[in-house]
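Single-structure report; data block below.
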Amino acid sequence: MTINTADTNHETMTTDFIREKIRDDINSGKHGVITTRFPPEPNGYLHLGHALSICLNFSIAKEFGGKCNLRFDDTNPAKEEIEFIEAIKEDVKWLGFSWEGSPKFASDYFDQLYLWAEHLITAGKAYVDDLTAEEMREYRGTLTEPGKPSPFRDRDVDENLDLFRRMKDGEFAEGQRVLRAKIDLTSGNINLRDPVIYRIIHASHPRTANKWCIYPTYDFAHGQSDAIEKISHSLCTLEFADHRPLYDWFIDALPVPAHPNQYEFAKLQMTYTVLSKRRLTRLVTENHVEGWNDPRMATLSGLRRRGVPAAALRDFVQRLSVSKNEGEVEIALLEHCIRDNLNIESERRLAVLNPLKVVIENYPTPGPEWLEATNNPNLPEKGSRLVPFSKEIWIERDDFMEDPPKKFFRLAPGREVRLRYAFFITCTDIIKDTSGEIIEVRCTYDPETRGGNAPDGRKVKGTIHWVSSEHAQDAEIRLYNPLYLCPHPGSENDFIDDINPNSVEILNNCKLEPSISELNNNVAIQFERMGYFFKDETSKPNKLIFNRTISLRDTWQKIKG
């Protein structure tokens, strides 16, 4: 897949069946201009699966010198909100893509779609039906039995037009009547058994307000919107393959200005992840998460809030095959792409998440002294910074043991370790509270080891990080773990039952080096030895909050293949 954006290199991945089809269409003269579209429904936030469609549609248009429209399929006002529209636009831009002109909406075409519905009625290809939804399912038949005609299927044209116009004028209640296409009740494809193309919905629309009380279905609006926009290649996921004959039937039955073609590809399926808008909506509405942008969610806004770089998601999508064959991607692949990006791009800082005080008894006062620390070992141009060092510092509680096992190489009584960027220190004493918990470690330091090396050449096996107590910034750190306990949530029970009760751990007494406040809020940071972190959007100068984007090492099984 080719991604052409301002912040990525121009890379080309091995071709796929969609690109081969486009090349054939260009070479044969079938299409002179390639036009694609990304058509989300504004009834929720975009998720990781949408990233595949976004990258595919926008990059194909760019690659072949065409354009990609952002079009909202806003045909169900009962579930759509302006909030979702704005969030989707933000997500597409964040991922690195832009559309030509203003976003388009199916509602832009409601007047034309209504006229085309009347055209079908006049041609004897649509009728108003009074069956209830339950009766309609019964009449439609099954996969092994044909459907049977509704008692209202043979209404004459004038009666159908009259009833349809009265539907439009608001005379009937929701569910009282629908408009159905008259196609083939014996078709092996149930989608062709007289599908509903208009239904009554008494709800205010985010854009058209109360102008309409009848709305086209997705199957009717989608292909015709493609035709109006002269879409050359309408790309969608495999669940719409059975809808393609209906897509083509409408195009052939109506005087549309163009004849787009639909092509299907396998949607993204990933372990330990839910990529269903219905399920994601349930997580939000039942308060299992804190909202659509909860960092545990597989939504693009959740991933962004967690600190996942857009470039890492584009890299992830590039590694996926665009195929007609359904498969499953290990979540480890996504995490591999995130780590690859952050390892190269992120600046390093010192942070102690579970602090234990260390007092360096022979350190001269007053301090501090300032030590040089590398910002990013992969990018020398990022330079270095000065870190304050003083008599009292914080270290990780896990980096000290009073009675360590044989292969514990960090700080312990009588043992010498290296402080990152600083000095060698040796533990001389420990102080405990009345309950026996260690609350302070006493050490001495060797001033000749500044920078982390001993002039006499002696070696130490352990290097630990630290933060000066006097200069530390307090912070809340949120450690995010997988939201689900099993690789296929809901495969054996309600997916809610598979939620990890320990999907987030909040640490309230963390200590950060002072230079962290000088960094850009929109970049992830590597807290050395601890992982990659990102400042949360609710963070304030007097209350720093950081989300763990990802750990330093893979915690999943090895990536397959």
Every residue in the range 410-422 that is under 28 Å from TRP370 (Cβ atoms) and either under 43 Å from the mean Cα position of the chain (by Cα) or among the aliphatic types (A, V, I, L, M) (or both), please. ARG410, LEU411, VAL417, ARG418, LEU419, ARG420, TYR421, ALA422
Could you tell me which residue of the range 45-87 is surrounded by the most Cβ atoms within 10 Å (Cβ to Cβ), considering only residues that are free of Cβ contacts under 8 Å to residues at least 60 places away in the same chain and basic (Lys, Arg)? LYS67
Please give the number of the condition ILE430 fails out of (1) under 24 Å from ARG282 (Cβ atoms); (2) without any contact (Cβ under 8 Å) to a residue 40 or more places away in the chain. (1)
Can you name the condition, by its number, that ILE477 falls short on among (1) outside the structural domain of ILE395 (by TED's automatic domain parsing); (2) surrounded by 17 or more Cβ atoms within 10 Å (Cβ to Cβ); (3) under 25 Å from VAL417 (Cα atoms)? (3)
For the condition closer than 21 Å to SER187 by Cβ and surrounded by fewer than 22 Cβ atoms within 10 Å (Cβ to Cβ), what is the one hit in PHE240, PHE220, PHE250? PHE240
What are the residue pairs meeting all of these: first residue in the range 206-234, first residue within 13 Å of THR36 (Cα to Cα), second residue among the small types (Gly, Ala, Ser) and surrounded by fewer than 22 Cβ atoms within 10 Å (Cβ to Cβ), Cβ atoms under 7 Å, and 6 or more apart or on different chains? ALA227/ALA258; LYS230/ALA258
Test: GLY457 is more than 23 Å from PRO368 (Cβ to Cβ), without any contact (Cβ under 8 Å) to a residue 12 or more places away in the chain and over 30 Å from the mean Cα position of the chain (by Cα): yes
Go through the range 183-198 and give me each residue that's under 17 Å from GLU135 (Cα atoms) and either at pLDDT below 95 or charged (D, E, K, R) (or both). ARG193, ASP194
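Being surrounded by fewer than 15 Cβ atoms within 10 Å (Cβ to Cβ) and either touching a His at 6+ places or on another chain (Cβ under 6 Å) or over 27 Å from THR374 (Cβ atoms) (or both) is the requirement here; does ILE431 meet it?
Considered against the rule, which asks whether it is surrounded by fewer than 15 Cβ atoms within 10 Å (Cβ to Cβ) and either touching a His at 6+ places or on another chain (Cβ under 6 Å) or over 27 Å from THR374 (Cβ atoms) (or both), ILE431 comes out as yes.
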Take the range 405-451 and flag every residue that is within 22 Å of GLU528 (Cβ to Cβ) and assigned to a loop (DSSP other than H, G, I, E, B). LYS407, PHE408, PHE409, ARG410, ALA412, ARG415, ARG420, TYR421, ALA422, PHE423, ARG450, GLY451
Scan the range 207-226 for residues that are more than 18 Å from ASN43 (Cα to Cα) and part of a helix (DSSP H, G or I) and jot them down. PHE220, GLY223, GLN224, SER225, ASP226
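Residue-wise test of (1) farther than 30 Å from ALA266 by Cα; (2) out of contact with any helix residue (DSSP H, G or I) (no Cβ under 8 Å at 6 or more places or on another chain); (3) surrounded by 16 or more Cβ atoms within 10 Å (Cβ to Cβ).
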position: GLU335; (1), (2), (3): no, yes, yes
position: SER346; (1), (2), (3): yes, yes, yes
position: PRO355; (1), (2), (3): yes, no, yes
position: ILE360; (1), (2), (3): yes, yes, yes
position: TYR363; (1), (2), (3): yes, yes, yes
position: ASN378; (1), (2), (3): yes, no, no
position: PHE389; (1), (2), (3): yes, yes, yes
position: TRP394; (1), (2), (3): yes, yes, yes
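Yes/no per residue for (1) of a type in the set (Asp, Glu); (2) under 30 Å from SER276 (Cβ atoms):
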{"position": "ARG410", "(1), (2)": "no, no"}
{"position": "GLY457", "(1), (2)": "no, no"}
{"position": "ASP474", "(1), (2)": "yes, no"}
{"position": "ARG478", "(1), (2)": "no, yes"}
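The values are calculated or read from the model by the stated rules, or taken from the named source; none is laboratory data. Quantities reported herein were computed from a predicted structural model and do not represent experimental measurements. No Cβ is skipped: glycine too gets one built from the backbone with ideal geometry, and neighbour counts run over all protein chains shown.
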